[in-house]
Amino acid sequence: MKTKKYNEKYSKKTSKKPIKNKKLVDKKWIVKEPGNPALVRQLSSELGIDQVLANLLVQRGINTYEKAREFFRPSLDRIHDPFLMKDMERAVERLNSAILNKESILIYGDYDVDGTTAVALVYSFISTLTSKADFYIPDRYSEGYGVSYQGIDWAKENGFSLIIALDCGIKAIEKVKYASSLGIDMIICDHHLPDAELPPAVAVLDPKREDCHYPFDDLSGCGVGFKLVQAFAMKNNIKFEEILPLLDLLAVSIASDLVSVTGENRILAYYGLKPLNENPRKGLQSIIKLSGLEKHKITIDEIVFKIGPRINAAGRMESGRTAVELLISRTDKDAQSIGVAINTQNNERKSVDREITHEAIDMVKNSPHFATKKSTVVYNPSWHKGVVGIVASRLVEAYYRPTIVFTKSGDKTITGSARSIAGFDLYDAIENCSDLLENFGGHMYAAGMTLKEENYEEFCRRFEAYVESKINDEMLTPIVNIDTYLDFKQITPKFFRILKQFQPFGPGNHSPVFITENVYDNGNGRKVGSDNGHLKLELIQEDEPYRHISAIAFNRTEHFDHIQAGNPVDICYSIAENYYRGIANIQLRVKDIKNREDLF
């Protein structure tokens, strides 16, 4: 079987030498088993599509004509009734009461993209119903993540009697009690995993509650906020069409928060991308222009790599409130001025991020004890708190270990941001050390924590011991999951046109990854990027010497000399559109490269 042959070839063991830099972290390629041949042929015939495409559908569990029709034609008729969510009736009743009685309502949310889009979405809706609404984003540095006592005090001082907490609050038990003691009710709209005890709020909306039977539990925080809006609209005979323009914010949240792009999320993202491409709100239009995406078709990728980071930069470098002000801008002038400020903050963020990443990598390279560890934990009190999560992700890319990056936070405490690797539950590892922590939160692959500086060394020891006890060498090799093999001659305009209809892509519905063997550069390959860290290639396949296809290989310059010398390679890649001067062309996004002589 071809797949078995490929997997044997691309599963070559990596060296056990200590990792010195990211160029030596080899990747293991795993090609998925093909779908049932009879189902593939049948679906190919019924849909009139290439068998490669039919196979991709069957691999995703889409094995009938009806399922394929649902997949290719997402319908808002199939999103779920919001009142299936536990406490929704109570939440709508309390919000209705607040609006009717002209209470002051505070929309409170986290400072990241999910939180700020959630606040912008709910505030945009509620502010059309009452003039007594405002919003609040906690300061990353003075208040930290989630509901804060400072924020509650501000609400009390300014006469608010209802707080709607978005993308946070599921563990804020004592803070909800404190708010209640001040005469402030709270509605929690969160999507993080709750503890056994829930906050004593008027309503706790969280599809991950054990006693909540909502059919889809992977909504973003903004998604939970949208379900509250949807429920309120239904209860008050507001047509669904009137809340549709809010879906551009929800699409940005779904993409940026990396929730699964399946089920209800896929439908909401699909319809959110429409206004984002056709008639985006003024704030998002400003970011689209500043990102150079005006003539692009905006997809999940553009949000993840261009739009989301700019919105995030406000909370990382200054204040997340600025991001909300951008997203609710009503004039071109406001949107442009705020957008320029946020774009500047993003450029500053990238500069700081690069500098700290280099320092962190040097720290790992120059400290011999890291070579034998199964985790990477680094600390520098001067590092910028706003980018430590990004730096942790960069270190995972470089060394492929569960990673935590710490910096100073206050006089006696330090704060850390953690990122994991495939198959390792980071949250469990941190929870195992919870007696050393002041607070923590997150999920399997990303988390944050605060601890007293005096507990840092013991935390490092305990965290490493836990990781070492649970992880094996095989898990420490990054894997590229490949859907199937493909020859360049199969990449026709029709093939690509149908492939694009698999979008929106994201977790649970990733852009298909293909493998093509025996390819060469046509002699025009070069290094590109501000630091010449990427490869721009024009590739040909051995049996088709007259057809070339453009490719970009990020962070793969170690292969440049080999490819430039005319040697063949195998590549795995996804297929995307590249825009140049407003013209779209097919481009391969190369995920990894194998020199053919190394495979045998």
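Rg and Dmax, both from the Cα atoms of region 517-557 and both in Å, are 10.8, 35. Each of Leu95, Cys212, Ser420 was placed along the dipole of the chain (beta-carbon charges, centred on the mean Cα), and the one lying farthest toward the positive end is Ser420. Count Lys and Arg as plus one, Asp and Glu as minus one, and take only other residues whose Cβ is under 12 Å from that of Asp248; the net charge is then +2. Here the dipole of the chain is about 1620 debye; that uses its Cα centre as origin and unit charges on the Cβ of Lys and Arg (positive) and Asp and Glu (negative). For region 563-580, putting each phi into the Karplus relation 6.51 cos²θ - 1.76 cosθ + 1.60 with θ = phi - 60° gives couplings of 5, 4, 6, x, 7, x, 9, 9, 10, 10, 6, 10, 10, 9, 9, 10, 9, 9 Hz, in residue order, rounded to whole numbers and with x for Gly and Pro. Solvent exposure of Glu242, expressed as accessible area, is near 120 Å², computed with a probe of 1.4 Å over the protein chains only. The dipole here belongs to region 72-195: it is taken about the Cα centre, uses +1 on the Cβ of Lys and Arg and -1 on the Cβ of Asp and Glu, and is about 240 debye. For region 141-285, the fraction of alpha-carbon pairs lying more than 18 Å apart is 61 percent, rounded to a whole number.
Would you mind calculating the relative contact order of region 466-541 from Cα pairs under 8 angstrom and at least 6 residues apart, reporting the percent as a whole number? Relative contact order here is 27 percent.
Only Lys, Arg, Asp and Glu carry charge here, each on its Cβ (+1 for the first two, -1 for the last two); on that basis region 367-476 has a dipole of about 340 debye about its Cα centre. Per-residue accessible area (protein heavy atoms, 1.4 Å probe) orders His191, His80, His358 as His358, His80, His191, starting from the largest. The tail of the calculated P(r) for region 222-283 beyond 13 Å holds 60 percent of all Cα-Cα pairs.
Computed with a 1.4 Å probe over protein heavy atoms only, the accessible surface of region 331-474 comes to 46 Å² per residue.
Among residues other than Ser291 with Cβ under 9 Å from its Cβ, the summed charge is +1 (Lys and Arg +1, Asp and Glu -1). Within region 229-272, find all residues whose amide N lies under 13 Å from a label point positioned 7 Å from the Cα of Arg78 along Cα-to-beta-carbon. Only 262-271 pass the distance filter.
Carbon and sulfur: what percent of the chain's accessible surface (1.4 Å probe)? Result for the chain: 48 percent of the exposed heavy-atom area is carbon or sulfur. Computed over region 415-456, the percent of Cα pairs more than 16 Å apart is 28.
An ellipsoid equivalent to region 168-233, defined through the eigenvalues of its Cα gyration tensor, has semi-axes of 20, 14, 9 Å when rounded to whole angstrom and sorted largest first. A simple spin-label model places pseudo-atoms 7 Å from Cα toward Cβ; at Glu453 and Ser382 they are separated by 1.4 nm.
Computed over neighbours whose Cβ is under 13 Å from that of Ile430, the net charge equals -3, Lys and Arg +1, Asp and Glu -1. Accessible surface for Glu544 stands near 50 Å², nearest 10, in the context of the full protein assembly shown (1.4 Å probe). Remind me, relative contact order of the chain in percent, using alpha carbon pairs under 8 angstrom and six or more residues apart? Relative contact order of the chain: 12 percent. Over all Cα atoms in region 53-102, the spread is summed up by Rg and Dmax: 19.3, 57 Å. With the simple spin-label model, which puts each label point 7 Å out from Cα in the Cβ direction, the His369 to Asp531 separation comes to 2.7 nm.
Could you sort out which of Lys373/Lys527; Lys527/Lys594; Lys175/Lys333; Lys297/Lys591 sit more than 27 Å apart by Cα distance in this structure? Distance filter (> 27 Å) returns Lys373/Lys527; Lys175/Lys333.
Both radii were evaluated on the Cα set of region 260-335; the Rg over Rh quotient, with Rh as the Kirkwood radius, amounts to 0.98. Relative to the current alpha-carbon distance between Asn237 and Ser45, full extension at 0.36 nm per residue lengthens the span by 64.6 nm. Ranking Glu431, Glu318 from most to least accessible surface, computed with a 1.4 Å probe over the protein chains only, gives Glu318, Glu431. Rg/Rh for region 24-132 stands at 1.24; both radii use Cα atoms, and Rh follows the Kirkwood definition. Note on Glu66 and Ile173: the model spin-label points, each 7 Å out from Cα along the C-beta direction, lie 4.6 nm apart.
Gain on full extension, evaluated as 0.36 nm per residue between Asp139 and Glu397 minus their Cα-Cα distance, stands at 90.0 nm. The alpha-carbon atoms of region 104-207, seen along their principal axes, cover 37, 29, 28 angstrom, with the largest extent given first.
With all protein chains in place and ligands, DNA and RNA left out, the 1.4 Å accessible area ranks Met449, Met363 as Met363, Met449, largest first.
Treating each Cα of region 379-531 as an identical point scatterer and summing with the Debye formula, the log10 of I(q)/I(0) at q = 0.16, 0.18, 0.19, 0.20 Å⁻¹ comes to -0.95, -1.08, -1.15, -1.23.
The values are calculated or read from the model by the stated rules, or taken from the named source; none is laboratory data. Keep in mind that what you see is a predicted model, and the values were worked out from it rather than measured. Every residue, glycine among them, receives a Cβ derived from its backbone with ideal geometry; neighbour counts consider all protein chains shown. Surface areas here come from the heavy atoms of the whole protein model, side chains and all, with no ligands, DNA or RNA. Shrake-Rupley method; radii C 1.70, N 1.55, O 1.52, S 1.80 Å.
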